[in-house]
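All remarks here apply to the structure that follows.
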Amino acid sequence: MSKLIAGIDDAGRGPVIGPLIIAGVLINENRISELIKIGVKDSKKLSPSSRKILFNKIKELVNDYAFVEITPSQIDEVVEKGKKLYKLNFLEAKAMAKVILMLKPEVAYVDSSDVNPNRFAEQIIKELPFKIKIISEHHADEKYPVVSAASILAKVKRDETIEKIKVEYGDFGSGYPQDPKTIKFLKDWKKKHKEFPSFIRKSWKTIKRIEKEIV
C-alpha cells in the first residue's frame, strides 16, 4: 500500500499587513508524479496566474487539503511576549500540527521556519496526539512536489485574503515593510485614524517606528 503523505508550507511570514497562512495537502505517495505533470513547483517560481490555475488543479488531484490562518492579533500576542522569531516559529509549528491533525498523514514533509529543522519537527510532534514521521527541511518547497503544492495553496489563499482587504481599505502595495507604497499607506492611516486596523501586525518594528514618528 502506498503511504499517505502530506506537504505543509506557509505564506506571508514577513509582511506587516495581513495573516500568515499555513496550507497542507494529502496525497498517496505513488501519485506524486501527477503533481509534477500538472506543473507543480515552488510557488515563488510561478506567476500569479499560473498559481491560480494550479490552485484548482491541486485541490482536484489531492486526497485532501487544509488551511490554518494565523491572524495579525495572534502574531502580535506571541511576538510581544518574547523573541520574535522564536515565538513566531512556535506559532507556526502549532498551526502546522493543526493541519496534520486535519489531514492525518503517515508522513509529513514541512518547510522548516526554524534555523534548526530538527527542533522545528520536534515542536510540531509535541503538539500531536499520535506518532508521525516528520521530514523538516529548509527549502522543502523546492525539493518536494508535495510541499510545492502546499506552497501554491498557501500563497493563493493569502493573496485572495489580501485582495479582499484592498477592496475595502484601498491599495497598500505588497504589504511588506520595504515597499514605499505600504509605508505611505500605514503613515497616512495613522495620521487619519490614530489607531491601526485589525489587519496590521502592530508588533512589527515598522509599526513601532511609525507610531513614534506620528503621535
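For this structure, a couple of remarks:
- Filtering region 28-39 for residues that are closer than 28 Å to residue 182 by Cα and crowded, with 20+ Cβ neighbours inside 10 Å leaves an empty set.
- Some residue of region 5-15 being in the same structural domain as residue 96 (by TED's automatic domain parsing), in contact with a Lys or Arg (Cβ under 9 Å, 6 or more places away or on another chain) and over 23 Å from residue 112 (Cα atoms): no
- Filter pass, residue 6 being in contact (Cβ under 8 Å) with a residue 40 or more places away in the chain, out of contact with any Gly (no Cβ under 8 Å at 6 or more places or on another chain) and buried (at least 22 other Cβ atoms within 10 Å of the Cβ): no
- Residues within region 41-85 that are part of a strand (DSSP E or B) and within 26 Å of residue 16 (Cα to Cα), tallied: 5
- Single match in 187, 164, 191 (criterion: touching a helix residue (DSSP H, G or I) at 6+ places or on another chain (Cβ under 8 Å), farther than 21 Å from residue 8 by Cβ and at pLDDT 95 or above): 187
- Residues (closer than 12 Å to residue 65 by Cβ and either within 10 Å of the chain's Cα centre (by Cα) or not small (Gly, Ala, Ser) (or both)) located in region 133-160: 146, 150, 152, 153, 154, 156, 157
- Here the condition is being acidic (Asp, Glu), outside the structural domain of residue 48 (by TED's automatic domain parsing) and farther than 20 Å from residue 47 by Cα; of 137, 195, it holds for 195 alone.
- Count of region 125-140 residues which are outside any loop (DSSP other than H, G, I, E, B) and aliphatic (A, V, I, L, M): 4
- Region 191-210, subset assigned to a helix (DSSP H, G or I) and more than 27 Å from the chain's Cα centre (by Cα), residue surrounded by the most Cβ atoms within 10 Å (Cβ to Cβ): 191
- Within region 142-190, considering residues that are in a helix (DSSP H, G or I) and among the polar types (S, T, N, Q), the one surrounded by the fewest Cβ atoms within 10 Å (Cβ to Cβ): 161
The values are calculated or read from the model by the stated rules, or taken from the named source; none is laboratory data. All values reported here derive from a predicted model rather than from experimental measurement. Note that we place each Cβ from the backbone using ideal geometry, even for glycine, and neighbour counts take in every protein chain shown.
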